[in-house]
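Heads up: the structure comes next, in structure tokens.
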Amino acid sequence: MERQELEQTATALIAKGKGILAADETVPTLTKRFATLKIESTEDSRRAYRELFFTTPDVSEFISGVILQDETIRQKNASSTPLAEVLSKQGIIPGIKVDTGAKVLAGSPEEKVTEGLDGLRDRLKEYRALGARFAKWRAVIRITETLPSPMCISVNAHALARYAAICQEQNIVPIVEPEVLMDGSHTIERCEEVTSSVLHAVFHALFEQCVRLEGMLLKPNMVISGKECRRQASVDEVATATLRCLRRHVPAAVPGIVFLSGGQSDVLATAHLNAINRLDLLKPWKISFSYGRALQDPAIEAWRGKQQNVKAGQQAFYFRAKCNSASALGKYTPGLEGKKSGGETAVHRSDWHDD
Ligand code: 13P
């Protein structure tokens with residue numbers, strides 16, 4: 001019975017043409033993001049920001065689930081409906097970030113290990129009671145000339161698998177997110193090499209800890225050139241390298257792969273997802289999105305903390321969700337972008353993911 005529920009939830013999250021909105025920035029991270037646009041960060045302004053997304057008319061056509069964080073899952077709208085219920089009433093599945101952040105890795109201080117296993121079982125019970133049906137844990141792996149260390153890969157893979165096993169025990173679908181960062185001047189080839197090692201270690205740890213692959217989703221980075229690399233790989237090169245890497249390392253029993261955007265521009269993240277889906281190679285999993293910045297940035301820029309801009313923010317979000325939905329089906333064309341209002345075409349977004 002529980003197995004069935006896990007698999008049903010995982011399958012619903014990757015329903016045809018749908019993907020996930022990551023709206024789980026911690027309070028300090030969202031506060032930093034607000035500050036760049038001179039928006040005051042209060043419990044109320046953060047709630048108003050999240051409500052903009054959660055009440056966008058008809059966005060459930062494209063969005064299957066939303067990742068929340070601790071503050072948001074406890075918040076209610078003006079008529080006292082919990083925000084998680086605002087989502088579930090529209091058929092959007094609420095999820096929750098459960099790691100407590102990436103902390104300095106003892107023994108290799110230039111690297112990080114994600115914490116949050118202590119007390120996780122009890123927190124999951126509470127989050128489930130608050131409506132969460134899936135969870136997220138993000139590990140970060142940094143590339144330099146000498147990093148990542150084998151230790152960093154191994155401890156993060158182990159923690160991801162411990163988290164995933166505890167989630168499944170609590171009937172919550174784990175999204176397993178090992179993110180190889182795009183910060184740095186490394187080549188796409190180096191990114192592929194590191195992503196391969198990371199995925200290999202992660203699936204080995206998941207196997208050792210008896211995680212049921214049918215009841216989880218993988219949230220990886222795309223295989224991409226480092227932000228400061230002088231030669232930026234083309235969209236087709238990114239798609240080819242990414243799919244090659246995933247086909248080599250992700251078992252077919254995993255129902256879905258939902259990419260993070262990782263600091264790519266909104267338009268590029270959409271184009272890459274589309275190109276991956278269009279490649280004429282066997283893909284045993286659904287391939288979709290679980291974007292944070294690439295879905296939110298145009299909306300926050302339109303909103304800027306002002307009630308009178310909510311509609312413009314919602315239009316911007318709806319538009320990006322629609323484009324990414326088309327990409328999840330391999331049906332996006334750059335011509336679609338011409339129809340948006342305002343927008344952004346820079347290659348890379350600002351940094352504002354959680355530490
Ligand atoms: P980005 O798409 O902004 O990378 O965020 C996704 C996410 O959930 C990071 O943990």
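Only the coordinates and a few stated rules stand behind these numbers; no lab work does. Since this is a predicted model, take the numbers as computed values, not measurements. Cβ coordinates were reconstructed from backbone atoms using ideal geometry, including for glycine residues, and neighbour counts include every protein chain displayed.
What the table shows:
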read-out: Options ALA102, GLN264, LEU160, ranked by Cα towards positive dipole end of the chain, top entry (Cβ charges); value: GLN264
read-out: Extension gain from ARG74 to GLU214, taking 0.36 nm per residue of separation minus the Cα-Cα distance; value: 47.4 nm
read-out: Dipole of the chain, positive direction: furthest Cα of LEU147, SER45, ILE224, with charges on the beta-carbon; value: SER45
read-out: Unit charges at the beta carbon, dipole of the chain: most positive-side option, ALA35, TYR318, VAL113; value: TYR318
read-out: Calculated FRET efficiency for the pair VAL235/LEU37, C-beta based, R₀ 35 Å, to 0.05; value: 0.75
read-out: Neighbour-count ranking [beta-carbon atoms within 10 angstrom, fewest first] of CYS229, CYS167, CYS210, CYS245; value: CYS210, CYS229, CYS245, CYS167
read-out: Ranking of LEU213, LEU130, LEU260 by count of other Cβ atoms within 10 Å, fewest first; value: LEU130, LEU213, LEU260
read-out: Sorted by Cβ density within 10 Å, fewest first, the residues LYS331, LYS227; value: LYS331, LYS227
read-out: Spin-label pair LEU329/GLU85, simplified geometry with 7 Å Cα→Cβ offset, distance in nm; value: 3.4
read-out: Hz values of 3J(HN,Hα) by residue in the range 79-87 - Karplus curve (6.51, -1.76, 1.60), Gly and Pro given as x; value: 9, 6, 8, x, 4, 4, 6, 4, 6
read-out: SER108 versus ASP280: modelled label distance in nm, points set 7 Å from Cα along the beta carbon direction; value: 4.1
read-out: Amide hydrogen neighbours beyond the local backbone of ARG138, cut-off 5 Å, H modeled; value: ASP99
read-out: Global geometry of the chain, whether rounded, prolate or oblate, following the gyration tensor of its Cα atoms and the 1.5 cut on a/c; value: rounded
read-out: Given charges at beta-carbon only (K, R positive; D, E negative), |dipole| of the chain in Debye; value: 840
read-out: Choice from SER265, SER64, SER185 showing the highest fluctuation, given a GNM over the chain with Cα pairs closer than 10 Å; value: SER185
read-out: Amide H contacts of VAL173 (H built 1.01 Å from N, under 5 Å, at least 5 apart or other chain); value: PHE134, ALA135
read-out: Cα shape, the range 140-182, gyration tensor, a/c 1.5 rule; value: oblate
